[in-house]
Amino acid sequence: MSDSCSALRSLLLAKSVRTGTFTLASGKTSDLYIDCRVTAMDAHGANLVGEVGWQAVKQYIAEHNLQIDAIGGMTMGADPISLAVGMTSARDTSAQALQVFTVRKEPKGHGRGKQIEGNFSAGNTVIVVDDVITTGGSTLKAIDAIEAEGGKIAFALVLVDREEGGRAAIEARGIPVLALYSRSTLLD
């Protein structure tokens, strides 16, 4: 594990991981709560997320010979991760910078009525992002919105896979999942 991976893991454990009894967004009860936003919105955490995330994404893109236009996911969990990885990609002169977008939970009720905001166009090949996957529900909702707007999903990037079925649900849609950490790698 690189120094940056270790530093990000330590920061996640210190700021984002809590044990106890929690009700999750899925309605399930869990002994573990992970709020990655606290880490991803920390100045040092954002830099680490960008660095670790971009290195993983860049390697995955190279290994699978992909051409990626943009990165984004469901607001609000994906927003700081997408922006950090996108900004880090822009500093890498050996690669094409990733544009960044966000997916609203519902289409905007005024203006152009868009559900996807930012740098996204129909026909783009994108990376869909989520901070934590449990059941995969919010990632799948973002995928549905992106595909409905003409986007193509290359793969999903998640900061933490809770190892509770979300990866399988996303991969059942034919979308590979690249997780920076899993419950077991984070806690072991």
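The values are calculated or read from the model by the stated rules, or taken from the named source; none is laboratory data. Keep in mind that what you see is a predicted model, and the values were worked out from it rather than measured. No Cβ is skipped: glycine too gets one built from the backbone with ideal geometry, and neighbour counts run over all protein chains shown. To get the accessible areas, we keep the full protein, side chains included, count just its heavy atoms, and leave off ligands, DNA and RNA. Shrake-Rupley method; radii C 1.70, N 1.55, O 1.52, S 1.80 Å.
Points worth noting:
- The residues of segment 20-55 that are farther than 20 Å from ALA78 by Cβ and touching a Leu at 6+ places or on another chain (Cβ under 6 Å) amount to a single one, SER30.
- Of the candidates VAL177, VAL126, the single residue that is farther than 11 Å from GLY73 by Cα and among the hydrophobic types (A, V, I, L, M, F, W, C) is VAL177.
- Filter result for VAL126 (part of a strand (DSSP E or B) and out of contact with any Ser or Thr (no Cβ under 9 Å at 6 or more places or on another chain)): yes
- Complete set of residues in segment 94-120 that are under 20 Å from LYS58 (Cα atoms) and at pLDDT below 95: SER94, ALA95, GLN96
- Residues of segment 52-76 that are of a type in the set (S, T, N, Q) and either modelled with pLDDT under 95 or open to solvent by less than 90 Å² (accessible area, probe 1.4 Å) (or both): THR75 alone.
- Residue within segment 154-170 that is out of contact with any Gly (no Cβ under 9 Å at 6 or more places or on another chain) and part of a helix (DSSP H, G or I) present: no
- The listed residue being within 17 Å of the chain's Cα centre (by Cα) and either surrounded by 15 or more Cβ atoms within 10 Å (Cβ to Cβ) or touching a residue at least 12 places away in the same chain (Cβ under 8 Å) (or both), out of LEU13, LEU48, LEU32, LEU24: LEU48
- Any hit, segment 81-101, residues being more than 21 Å from ILE153 (Cβ to Cβ), of a type in the set (Val, Ile, Thr) and loosely packed, with under 13 Cβ neighbours inside 10 Å: yes
- The one condition from (1) crowded, with 16+ Cβ neighbours inside 10 Å; (2) more than 21 Å from ILE153 (Cβ to Cβ); (3) basic (Lys, Arg) that ARG18 does not meet is (1).
- For ILE146, the conditions (1) in contact (Cβ under 8 Å) with a residue 40 or more places away in the chain; (2) open to solvent by 30 Å² or more (accessible area, probe 1.4 Å); (3) in a helix (DSSP H, G or I) are fulfilled apart from (2).
- Selection from segment 156-184 of residues that are open to solvent by 30 Å² or more (accessible area, probe 1.4 Å) and within 18 Å of SER30 (Cα to Cα): GLU163, GLU164, GLY165, ARG167, ARG183, SER184
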